[in-house]
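Colleague: Sharing a structure, written as structure tokens. Questions coming.
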Amino acid sequence: MSAETFLRDYWQKKPLLIRGAFPDFQSPLDPDDLAGLACEDNVEARLVELDGPDKPWQVSHGPFDDETFARLGRKDWSLLVQAVDHYVPEVAELLEHFTFIPRWRLDDIMVSFAPPGGNVGAHVDNYDVFLLQASGQRRWQLGGVMGEDAPIIDGIDLRILADFSVTEDQDWVLEPGDMLYLPPRVAHHGISQSEDCMTFSVGFRAPSMDEMVTSWADYLGEQLDESSRYHDPDLEAAHDGALIDESAMARVRRQMLAALDNPEQMAQWFGRTMTQVKYPDQLMPPITPANEETLRSALLEGDLLEPAPGSRLAWHPCKDQAALFVDGDGYTCSTALAKRLSSARAIDQEVLALEDAATLLVTLVNRGSLHWVEDDDDLDDDDDIADD
Ligand code: SIN
Ligand code: CO
């Protein structure tokens, strides 16, 4: 199916099962790698036990340790690790298959592991998701589209639907390489079958209207000066001094909408919002800050720069230049430079030919948004240091 057909007929509209989406798919990580990640500080991991030590459907949060995994039985639990694409480059590479959807819509790849019977209950998510079966089999059953008021089971850690009925013909066992696309709020229930199962969830971001309205108003508020105020030069004599009349409300509405309808500022705000990093602590500025001279000479020696894991870039045309958005901040630069930096390809010395490249690169390196690609020699050097 072409991307055009998928977007027209399915995206945000209805589920799609894609058998053999990734033919001969081999999981780029195994359950031990996932358990290892779940034991690390700053990695967001959850464990869901159907029959937990304290209660049914018990959810615990990482970091976990060997003891946690040692006490788990051979069935009925799931380990879910967020943003595995930030930690495992081979998982991040899968994102290249989804570039027909803007990168800034993407959130992360969550990876789950479940022995037989493991599941997180029938539920809805607010986001689009592609559920790629990585190993083992998972049975997916879908219900209808659920409203915000769909009843959920009380008194447990998870938001599991109290009433879940499977839609006819929407009950499938996914094999490795099969993939299921779900639009937001479609009820779904995925149970690991007779072998251990791993599922990759390619999840998207969509800010809620509540977040959008408040964050846009905050951003705009900072740009407006104190002298710009409610004004009423057309005021007519009041008969009732306590009345807020229709003409006052018409002025409020007109003045507010005129202030809010500011396409240029709106693009500046939206670019910053959609490039905010998932985990702010993950951006690590270099110990020794770069300057233009060190950056130029490193590039000229053949070193390469790339976006740091979790770093988010996007751009928007802005007059005859571009607004480049990186990890929640905005920069003005040439269109060529904005395109080059946000292309997700490693950056080599050729970038220096673009106007003002070195200055912007220094800023981005010193913020931790771009980092140097470690080549094998560098890795050997690190080993030497560790051995010493
Ligand atoms: C899972 O992988 O166990 C659950 C994914 C989901 O339903 O969103
Ligand atoms: Co879900």
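The values are calculated or read from the model by the stated rules, or taken from the named source; none is laboratory data. The structure displayed is predicted, hence computed values, not measured ones. A quick note on method: Cβ atoms are made from the backbone with ideal geometry, for glycine too, and the neighbour counts reach across all protein chains shown. Protein only, heavy atoms only, side chains kept; ligands, DNA and RNA dropped before computing areas. Shrake-Rupley method; radii C 1.70, N 1.55, O 1.52, S 1.80 Å.
Colleague: For the range 209-261, rounded, prolate or oblate, judged on the Cα gyration tensor with a ≥ b ≥ c (square roots of eigenvalues), a/c < 1.5 rounded, else prolate if a/b > b/c?
Modeller: prolate
Colleague: State, to one decimal in nm, how far the label point of E175 lies from the label point of D154, with both points 7 Å from Cα in the Cβ direction.
Modeller: Inter-label distance under the simple model: 4.6 nm.
Colleague: Also, quick follow-up: Name the residue, out of L161, L131, L313, whose mean-square fluctuation peaks in a Gaussian network model built on the chain with Cα pairs under 10 Å.
Modeller: Greatest mean-square fluctuation among the candidates belongs to L161.
Colleague: Ok, one more. Work out the count of Lys pairs in the chain where the Cα-Cα distance is under 29 Å, with the pair 8 or more places apart or on different chains. Mind dumping the intermediate values first?
Modeller: Details: K13/K278; K14/K278; K55/K75; K278/K339; K319/K339.
Lysine pair count for the chain: 5.
Colleague: Which of the chymotrypsin sites (Phe, Trp or Tyr not before Pro) found in the range 1-109 are loop residues per DSSP with 11 or fewer other Cβ atoms within 10 Å of their Cβ?
Modeller: Within the range 1-109, the qualifying chymotrypsin sites (Phe, Trp or Tyr not before Pro) (loop, at most 11 other Cβ atoms within 10 Å) are F100.
Colleague: For R19 and D232 in the same chain, what is the full-extension length gain: residue separation times 0.36 nm, less their Cα-Cα distance, in nm? Don't skip to the end; give the middle numbers.
Modeller: Working: separation 213, 0.36 × 213 = 76.68 nm, distance 6.36 nm.
Going from the current span to full extension adds 70.3 nm.
Colleague: Compute a Gaussian network model of the chain, connecting alpha carbons closer than 10 Å, and tell me which residue from L304, L243, L132 fluctuates the most.
Modeller: Largest GNM mean-square fluctuation: L243.
Colleague: So, one more: Sort R367, R254 by heavy-atom solvent-accessible area, probe 1.4 angstrom, most to least.
Modeller: Final ranking, largest accessible area leading: R254, R367.
Colleague: For a label point 7 angstrom out from the Cα of Q223 toward its Cβ, which stretches of the range 259-275 have the backbone nitrogen within less than 15 Å?
Modeller: Once the point is set 7 Å along Cα→Cβ of Q223, 259-274 turn out to lie under 15 Å by backbone N, inside the range 259-275.
Colleague: Moving to a separate point now. How large is the accessible surface per residue of the chain, computed with a 1.4 Å probe and reported in Å² as a whole number?
Modeller: Here the per-residue accessible area is 56 Å².
Colleague: Return a whole-number percent for the relative contact order of the range 280-372, with Cα pairs under 8 Å and 6 or more residues apart as the contact set.
Modeller: Relative contact order here is 41 percent.
Colleague: Can you tell me how the chain classifies by the Cα gyration tensor, rounded, prolate or oblate, using a/c under 1.5 as the rounded cut?
Modeller: Numbers: a/c = 1.99, a/b = 1.15, b/c = 1.72.
Oblate, since a/c reaches 1.5 and b/c is not below a/b.
Colleague: Under 1.5 on a/c is rounded, so check that first for the range 280-372, then, if it is not, pick prolate when a/b is larger than b/c and oblate when it is not; a ≥ b ≥ c are the square roots of the alpha carbon gyration tensor eigenvalues.
Modeller: It comes out oblate by the Cα gyration axes.
Colleague: How much of the accessible area of the chain, probe 1.4 Å, is carbon plus sulfur, in whole percent?
Modeller: Its accessible area is 50 percent carbon and sulfur atoms.
Colleague: Could you give the distance between the Cα centres of the range 132-187 and the range 68-101, to the whole Å?
Modeller: That distance is 18 Å.
Colleague: Tell me, what HN-Hα J-couplings in whole Hz come from the Karplus equation 6.51 cos²θ - 1.76 cosθ + 1.60 at θ = phi - 60° for each residue of the range 230-238, using x for Gly and Pro?
Modeller: Whole-Hz 3J(HN,Hα) from phi for the range 230-238: 3, 9, 9, x, 9, 4, 10, 3, 8.
Colleague: Shifting gears a bit: Tell me, what is the percent relative contact order of the chain, built from C-alpha pairs under 8 Å that lie six or more residues apart?
Modeller: Relative contact order here is 15 percent.
Colleague: Please give the calculated 222 nm ellipticity per residue for the chain, where each DSSP H segment of at least 4 residues contributes -39500 (n - 2.57) and the sum is spread over every residue; nearest 500 deg cm²/dmol?
Modeller: Helices in the chain give a 222 nm mean residue ellipticity of -8000 deg cm²/dmol.
Colleague: Between D41, D240, D51, where does the largest GNM mean-square fluctuation fall for the chain, given springs only between Cα atoms within less than 10 Å?
Modeller: D240
Colleague: While we're on this one: Expressed in nm to one decimal, what extension gain is obtained for the pair V166 and L95 from 0.36 nm per residue of sequence separation less their Cα-Cα distance?
Modeller: Extending this stretch completely gives an extra 22.5 nm.
Colleague: Another question, then. Going by average Cβ neighbours within 10 Å, how do the peptides 346-357, 317-328 rank, with the highest at the top?
Modeller: Packing order, densest peptide first, comes out as 317-328, 346-357.
Colleague: Just to be sure I understand the model, the point goes 7 Å from the Cα along the line to the Cβ. What's the resulting E4 to A258 distance in nm?
Modeller: Taking the two extended label points, one gets 4.4 nm.
Colleague: How far is the Cα center of the range 1-61 from the Cα center of the range 251-283, in Å?
Modeller: Computed from Cα coordinates, the inter-centre distance equals 31 Å.
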